[in-house]
Amino acid sequence: MLSPLQIVVLALFPLGLSSCSVIDDTLLTEEVSDFSLGVVALSSIIQTEFSLAEDVNTLGFTDYLQFQLELGGNPNTNLKPLFSVADIAARRDLLAGLDGYADTLTAVASEKSPSEGYSVLDGTLKNLKLLDYGDFNLSHSLSFLNSNQLVNDISFLDELLILPERDRRLLPILEKGGETLKKMALLLYFDIGAIADQSSKCRYTYPENDFSAKMSSLRLCKGGLRSIVSSAVKFDTNIWKDKLAYLKGHEAGSSKIRRDAINRLVSIQKLGQSMDQLLSETQLALIAMIDAHEAIEATLRAAQKSSIVSFTSTTKIILFRKKLRELLKAAANVQNALSELSGTTMSPQDFLPTDFTQNGTGENNGE
Amino acid sequence: MANSYKDALTQLEKAQEAMNAQDISHVPAAQLVNFERSKAAVYGEIQALQARQISARDEDYAAITTEFRDCKSELTDLSNWVFAREARDRNLLTMLTKGVSIALSILI
């Protein structure tokens, strides 16, 4: 839902600028910059979500160890992380590619030097070329061929990020980059996955997903990060359920101990719900990112033909930013719920890149 | 016996569901230690299967984690313990029995 202020802004924008026949450079630069900062923020949140998943797994392991020791057991105390170093590196490279693309758009829109940031991008591009479909969690919903198709196409990003200066025009970059950006978004969307089958076909094969169709039409099978987090929460929940049953059956523990166990049991379930909401909202933000990119591209194309500028891009970017703000709040809520169970506190700003707050893409950015 | 990684994941989730459904209020601490360790091993194997991409999910399954491979003796002990109980007690442990049997079946 748009806020009343956003509706007013949307209503006023066309009135104020309808006399323009070509796109306003300042507005374009701001929109591209807003979009790019949003992409970087989304990338940062996705990276954080993998850490949060590890934290949930660690919480379960800690509770398991404690219960085992209380029962007089001798448990293996080696914590097994959910993801390997290679798993995390593959996602970090993919997200760095996203950041690199966002930086390139901002640089081209603001006519910065094309060589800026190249040294940082160089390593990212090499790593993107080495990505393999096996680095991601896709087999729950995608065939080998489809998985491979998504990952292979991402290496084309280098053609956009290291263009010679004469070719560094925004529209061609957006047109070519749109396809690659969508593949990256699809890859992350499937990697985040689903907590339950979204198609009856999941029982025996893969759902038919058309990558060229709207992302909101995708149907996934149970799997991916959402399913992994759900399993971790279920594991921890059941430790506390068993602990309560044990206390009851053996008439052990004071009423305070039982009350604490009950509170813990409920808090962990609530954490699981918040975490799944965060992951599901992230998938929606990926869709909003693609919509915003397509809208900027359409606006620029229209401007090139000297037709009346469409303001669809502004609407889509507002929606993208709105999704991101919700996401930042949700990420902070999950982090705080986790901290109540084990540690420190976080605010939405802790997930933002420095530029995001400096450039005002936050809460009160003229909407 | 699971034939593929996909089958194994389905079977492990069934085992986990049954084990989680067991009311353990009357299970002695010594057996509960084994039971919780088995549940942790099943959980670890499920997460390993979910977190790691299996290049051909129809390939023949072999347990991934050492914890799950090593929990066979605990599962067997639990199974033997249940069968040594009187019929009335065994009826209270049907979900434990079911979960343990499924987990054992894919380890064989």
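The values are calculated or read from the model by the stated rules, or taken from the named source; none is laboratory data. Remember, predicted model here, so these are calculated numbers, not experimental data. Note that each Cβ is placed from the backbone with ideal geometry, even for glycine, and that neighbours are counted across all protein chains shown.
Per-structure values
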{"item": "Residues of region B:19-33 satisfying the condition of being of a type in the set (S, T, N, Q) and at the interface with chain A (Cβ under 9 Å from one of its Cβ atoms)", "result": "B:ASN20, B:GLN22, B:SER25"}
{"item": "Subset tally (residues that are within 14 Å of chain B (Cβ to nearest Cβ) and over 25 Å from B:GLU17 (Cβ atoms)) for region A:251-272", "result": "4"}
{"item": "Any pair with Cβ under 9 angstrom, 6 or more apart, that starts in region A:319-338 at a residue that is free of Cβ contacts under 8 Å to residues at least 24 places away in the same chain and ends at one that is crowded, with 18+ Cβ neighbours inside 10 Å and assigned to a helix (DSSP H, G or I)", "result": "A:LYS329/A:PRO348; A:ALA332/A:PRO348; A:ALA332/A:PHE351"}
{"item": "The one condition in (1) within 16 Å of A:ALA232 (Cβ to Cβ); (2) at pLDDT 95 or above; (3) crowded, with 19+ Cβ neighbours inside 10 Å that B:LEU9 fails to fulfil", "result": "(2)"}
{"item": "Residue match in region A:296-308 (condition: buried (at least 17 other Cβ atoms within 10 Å of the Cβ) and over 32 Å from the mean Cα position of the chain (by Cα))", "result": "no"}
{"item": "B:GLN16, sole failed condition from (1) within 14 Å of another protein chain (Cβ to nearest Cβ); (2) more than 30 Å from A:ARG91 (Cβ to Cβ); (3) in a helix (DSSP H, G or I)", "result": "(2)"}
{"item": "Subset tally (residues that are modelled with pLDDT of 70 or more and either surrounded by 13 or more Cβ atoms within 10 Å (Cβ to Cβ) or part of a helix (DSSP H, G or I) (or both)) for region B:50-68", "result": "10"}
{"item": "Residues of region B:77-98 classified as part of a helix (DSSP H, G or I) and surrounded by 15 or more Cβ atoms within 10 Å (Cβ to Cβ), total", "result": "10"}
{"item": "Residue, surrounded by the fewest Cβ atoms within 10 Å (Cβ to Cβ), within region A:70-85, restricted to residues that are within 10 Å of chain B (Cβ to nearest Cβ) and assigned to a helix (DSSP H, G or I)", "result": "A:GLU70"}
{"item": "Output for region A:193-220, where each listed residue is outside any loop (DSSP other than H, G, I, E, B) and either at pLDDT below 85 or under 15 Å from A:SER147 (Cβ atoms) (or both)", "result": "A:ARG203"}
